[in-house]
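So the structure is just underneath, and the comments pick up after that.
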Amino acid sequence: MADGTTGISADALHGFAPSVRRGGLRRFAQRRSTIAVLMCLPLIALIAGLVVYPFFYSIYLSMLSRDATRFIGLFNYRYLLRSDTFDLVIFQSCFFAITAVFFKALIGFILAHVMHNISGRDQRIWRGLLLIPWVIPPALSTLGFWWMLSGNYSAVNWILGQFGIPQVAWLSNTWTARLWVAGVNVWYGTPFFMIMYLATLKSVPDQLYEAAAIDGATWLQKIRFISLPMLRNIISITVLFSLIVTFANFDIVQILTTGAPADTTHVFATYAFQLGIQGGNISLGAAVSLFIFPILAVFSIFILRGVGRRAREGM
Amino acid sequence: MKKLRPVSRRDALKLAAAGAALPLVHMRTAHAAGSLKVALWDHWVPAANPAIQKLIADWGAKNKVDVSIDLLQSGTANAKLLLAEAAESLAGTGHDVMTFQAWGVQQYHQHLEPIDDVMGGLIKQYGAIDPTSAYLGKVDGHWMGLPTSVGSQYKPSCARISYFSKAGYDVRQWYPNAPGNAKTATDWTYDTLLKAAPGAKQAGLAFGLGLGLTTDSVDWTGALLRAYGAVLVDEKGNLQLRSDAVQQVLEYLQKLYEFLPADTVTYDDASNNKALISGQSALIFNPPSAWWVARRDAPKVAEDCWTFPSPSGPAGRFNPYLPFFWGIWSFSSNKTAAKDLITWLQQREQVETLCDVSVGYDIPTFASMHDFKIWSEVKPPLGTVYNYPIRPWHDTQSNVSGYPAPPRIAIQLYNNATFNVMTVKLAKGKQKMKDVLDWAENEINGYINM
């Protein structure tokens with residue numbers, strides 16, 4: 001049978017109880033679903049140990065007092081929601097993630113189309129070059145940007161100075177600092193979007209574009225009526241994946257600004273680190289980091305619902 | 001000839017068991033006093049780590065203790081030491097001896113072994129201890145951490161002699177490299193600093209004083225507050241934010257801000273070093289690490305540097321101080337050996353060895369050890385760090401930002417850099433004084449009720 005069972009009826013085995021039990025156990029062990037579960041067990045154990053347990057433990061931690069000796073319920077959350085600094089952290093985290101993901105998706109989309117229209121060896125060379133920012137560890141990329149923008153040795157300011165343009169304190173003004181923090185993330189993350197979109201574009205039949213060209217469609221119409229609908233699912237999934245990763249980003253802010261000026265560039269992860277590790281208040285740090293969860297849950301529900309709906313329509 | 005008795009199977013087994021047990025007997029002899037796991041700060045001076053490793057290895061061999069050492073880094077983006085402290089306190093397992101920076105003892109004191117016996121003996125031996133070390137190392141009257149010289153640092157003034165000379169101040173006359181008196185330095189005040197700042201900015205040597213969120217920035221503004229007698233929270237935990245002294249310091253910084261580097265608000269702990277070494281700053285508040293690197297990378301700058309105490313204010317002169325501690329976890333399985341080790345490492349001979357290899361960077365806990373030769377001998381110029389340790393005639397005290405608030409509140413003031421954020425909102429953000437104070441009141445009330 002398709003499910004791996006033999007299909008022998010219970011009546012046929014009447015009177016042979018021990019054999020039935022052994023046979024039943026053997027059949028149970030031979031079921032595809034049983035084998036599948038057994039094979040997944042290591043992974044399930046890994047996820048339970050490294051994701052599920054820490055998640056519930058951090059919820060528990062976030063409800064403890066500063067010295068982690070008393071249960072204080074939702075006090076830490078109430079404290080954070082009353083803090084002006086934490087308002088800034090929420091704003092900056094959302095601004096950082098949404099801006100960075102939007103530009104990563106946009107630039108990745110454009111680059112994927114440009115790549116798609118370059119043929120043969122040239123495409124491989126350009127694709128390799130454009131992937132370089134993605135393969136460099138983000139901490140190193142960020143250090144590079146820090147050197148280019150820092151007050152002492154800013155290469156960017158040196159170049160501006162050659163044209164008589166006055167120096168800019170890139171990382172000391174709130175908005176330029178926020179934009180650079182997002183910009184470094186765009187620099188690092190765009191190749192991922194490009195490669196995902198490019199892979200999907202390659203699966204779009206050329207005949208669709210040829211038919212559109214015969215009908216006199218412009219490039220914009222081809223993108224709007226062919227590329228975008230075909231890429232919609234991959235766009236949704238990459239955006240969701242990137243939102244999750246970007247919301248949890250730590251290294252860019254920590255290296256580039258450490259949250260300065262005046263806490264205006266802190267994101268959840270760096271603020272949690274400041275309160276939890278540097279400030280020794282692990283409970284409060286856990287509460288900060290858990291704020292990411294409901295935000296991402298909302299994003300995930302909407303995005304995955306759209307993907308699911310389109311999948312059903314396509315069936 | 002006597003016939004030998006044949007070896008039975010039982011005899012052979014006995015022999016084998018005895019043979020197998022022999023190494024165990026040997027190990028027991030070699031490490032009779034058990035084992036110790038020690039977490040040390042990974043010193044930035046290359047020669048400092050091997051020196052302390054050798055000292056500890058020698059002690060271990062002599063006392064038959066098997067000691068293993070882990071060197072853990074600590075910095076803005078690399079906080080292995082902080083992470084280890086947090087993880088081990090939660091897990092209840094790890095090293096026996098752990099290194100803590102500044103507030104670590106206060107943060108994890110529930111998991112630490114009291115060491116009043118160790119400190120009592122050392123104080124008897126070497127005299128009174130620095131009050132800031134006592135504020136950070138004692139909990140409810142009990143010593144929970146030993147203030148060590150390794151990593152402990154003042155952050156006094158490190159100035160370019162030539163710039164101050166042009167501005168009409170002789171820093172070497174203020175603080176000569178010989179015993180003197182406090183009267184020669186009465187001119188070195190925060191008012192003098194403010195007067196000298198515009199010229200420095202104009203000369204491309206803006207004072208590298210940060211208003212960022214990391215320790216160097218927090219430490220010097222804490223000393224400034226103390227010099228004006230200003231506290232954000234008093235020793236009883238009451239908010240003292242709206243005092244005249246606090247407003248006076250804020251107004252002072254508002255004026256000074258105009259002459260600081262453009263990136264002062266994002267200064268991290270490396271920024272002031274880089275400003276000095278690159279020849280872009282005439283004054284920083286830092287241990288001699290910046291001068292030390294300049295000696296290697298920018299000798300002309302190093303030759304022009306002089307280290308001396310912080311400026312004074314109406315309430316006195318205070319050097320920023322960042323002491324390091326060694327603590328013994330309460331879950332340590334060899335507390336006796338741990339206490340013996342840290343007591344031995346704190347003896348004058350060992351402290352001087354470690355101070356010498358760190359080129360005088362490490363500040364001994366006891367003022368009675370501030371007479372080591374290293375600070376007189378180091379150059380160029382000769383005597384450049386002579387006044388780095390607080391000398392009896394300096395009329396200077398140490399300070400940690402947040403003092404005198406109860407440590408549980410002070411930790412938050414320190415780590416959130418609350419006063420620096422206030423300053424930036426006022427000076428750069430051009431917010432009104434009232435709004436800044438309202439913001440701070442809301443934040444600090446949160447710390448108090450936390």
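Could you check how many residues of the stretch B:177-207 are more than 29 Å from B:F372 (Cα to Cα) and either out of contact with any Pro (no Cβ under 7 Å at 6 or more places or on another chain) or in a loop (DSSP other than H, G, I, E, B) (or both)?
Of the residues in the stretch B:177-207, 15 are more than 29 Å from B:F372 (Cα to Cα) and either out of contact with any Pro (no Cβ under 7 Å at 6 or more places or on another chain) or in a loop (DSSP other than H, G, I, E, B) (or both).
How many residues does the stretch A:267-306 hold that are within 10 Å of chain B (Cβ to nearest Cβ) and closer than 30 Å to A:M230 by Cα?
0
Just a yes or no: is a residue in the stretch B:204-221 buried (at least 24 other Cβ atoms within 10 Å of the Cβ), in contact with a helix residue (DSSP H, G or I) (Cβ under 8 Å, 6 or more places away or on another chain) and more than 14 Å from every other protein chain (Cβ to nearest Cβ)?
Checked against the condition, which is being buried (at least 24 other Cβ atoms within 10 Å of the Cβ), in contact with a helix residue (DSSP H, G or I) (Cβ under 8 Å, 6 or more places away or on another chain) and more than 14 Å from every other protein chain (Cβ to nearest Cβ), the stretch B:204-221 yields no hits at all.
Kindly list, by first and then second residue, each pair from a residue in the stretch A:207-221 that is loosely packed, with under 14 Cβ neighbours inside 10 Å to a residue that is modelled with pLDDT of 90 or more, limited to pairs with Cβ atoms under 8 Å and residues at least 6 apart or on different chains.
Once the first residue is loosely packed, with under 14 Cβ neighbours inside 10 Å and sits in the stretch A:207-221, its partners that are modelled with pLDDT of 90 or more give A:Q221/A:A212.
Could you grab me the full set of residues in the stretch B:278-289 that are modelled with pLDDT under 95 and either among the β-branched types (V, I, T) or outside any loop (DSSP other than H, G, I, E, B) (or both)?
B:S289
For the stretch A:125-174, which positions are in contact (Cβ under 8 Å) with a residue 40 or more places away in the chain, within 22 Å of B:F207 (Cβ to Cβ) and in contact with an Asp or Glu (Cβ under 7 Å, 6 or more places away or on another chain)?
Across the stretch A:125-174, the qualifying residues are A:L171, A:S172.
Against the definition (surrounded by fewer than 21 Cβ atoms within 10 Å (Cβ to Cβ), in the same structural domain as B:V97 (by TED's automatic domain parsing) and of a type outside the set (A, V, I, L, M)), how does B:S278 come out, yes or no?
Numbers: surrounded by fewer than 21 Cβ atoms within 10 Å (Cβ to Cβ): yes; in the same structural domain as B:V97 (by TED's automatic domain parsing): no; of a type outside the set (A, V, I, L, M): yes.
Here the answer is no, as B:S278 does not meet what is asked.
Hey, among B:L382, B:L426, which residue is of a type in the set (A, V, I, L, M, F, W, C), farther than 16 Å from B:P323 by Cα and within 14 Å of chain A (Cβ to nearest Cβ)?
Exactly one residue qualifies, and that residue is B:L426.
Assess whether A:S283 counts as being touching a strand residue (DSSP E or B) at 6+ places or on another chain (Cβ under 6 Å) and either in contact (Cβ under 8 Å) with a residue 12 or more places away in the chain or on the phi > 0 side of the Ramachandran plot (or both).
Yes, satisfied.
For the stretch B:335-433, please list each of the helices (runs of 4 or more DSSP H) lying entirely inside it that holds at least 2 residues being crowded, with 21+ Cβ neighbours inside 10 Å, outside the structural domain of B:G120 (by TED's automatic domain parsing) and touching a residue at least 12 places away in the same chain (Cβ under 8 Å).
Values: elements: B:335-345, B:348-357, B:374-377, B:407-415, B:418-427.
The qualifying helices (runs of 4 or more DSSP H) are B:407-415, B:418-427.
In this structure, is B:G327 closer than 30 Å to A:I277 by Cα and within 14 Å of another protein chain (Cβ to nearest Cβ)?
Answer is yes for this residue.
Among the residues in the stretch A:213-236, are any under 20 Å from A:R310 (Cβ atoms), touching a Lys or Arg at 6+ places or on another chain (Cβ under 9 Å), more than 14 Å from chain B (Cβ to nearest Cβ) and basic (K, R)?
Scanning the stretch A:213-236, I find at least one residue that is under 20 Å from A:R310 (Cβ atoms), touching a Lys or Arg at 6+ places or on another chain (Cβ under 9 Å), more than 14 Å from chain B (Cβ to nearest Cβ) and basic (K, R), so the answer is yes.
Looking for whichever is outside any loop (DSSP other than H, G, I, E, B) and modelled with pLDDT of 95 or more here; the options are B:K274, B:K300. Which one fits? Even if it seems obvious, please write down each step before you answer.
Values: B:K274 fails: modelled with pLDDT of 95 or more.
It is B:K300.
Does the stretch B:222-231 include one or more residues that are β-branched (V, I, T) and either within 14 Å of another protein chain (Cβ to nearest Cβ) or outside any loop (DSSP other than H, G, I, E, B) (or both)?
No, the stretch B:222-231 contains no residue that is β-branched (V, I, T) and either within 14 Å of another protein chain (Cβ to nearest Cβ) or outside any loop (DSSP other than H, G, I, E, B) (or both).
Listed residues B:G145, B:G212; which is of a type outside the set (S, T, N, Q), under 19 Å from the mean Cα position of the chain (by Cα) and outside the structural domain of B:A48 (by TED's automatic domain parsing)?
B:G212
Here are A:L61, A:L129: which of them is of a type in the set (A, V, I, L, M, F, W, C), more than 22 Å from the chain's Cα centre (by Cα), within 14 Å of chain B (Cβ to nearest Cβ) and part of a helix (DSSP H, G or I)? Break it down stepwise before answering.
Numbers: A:L129 fails: within 14 Å of chain B (Cβ to nearest Cβ).
Within the list A:L61, A:L129, the selection yields A:L61.
Name the residues in the stretch A:234-253 that are surrounded by 23 or more Cβ atoms within 10 Å (Cβ to Cβ) and assigned to a loop (DSSP other than H, G, I, E, B), would you?
A:N249
Need the failing condition index for B:Q280 against (1) in contact with a strand residue (DSSP E or B) (Cβ under 9 Å, 6 or more places away or on another chain); (2) touching a residue at least 60 places away in the same chain (Cβ under 8 Å), just the number.
All conditions pass for B:Q280, except number (1).
The values are calculated or read from the model by the stated rules, or taken from the named source; none is laboratory data. Computed from a prediction, not measured in an experiment: that's the story for all the values here. Ideal geometry is used to build each Cβ from the backbone, glycine not excepted, and the neighbour counts take in all protein chains shown.
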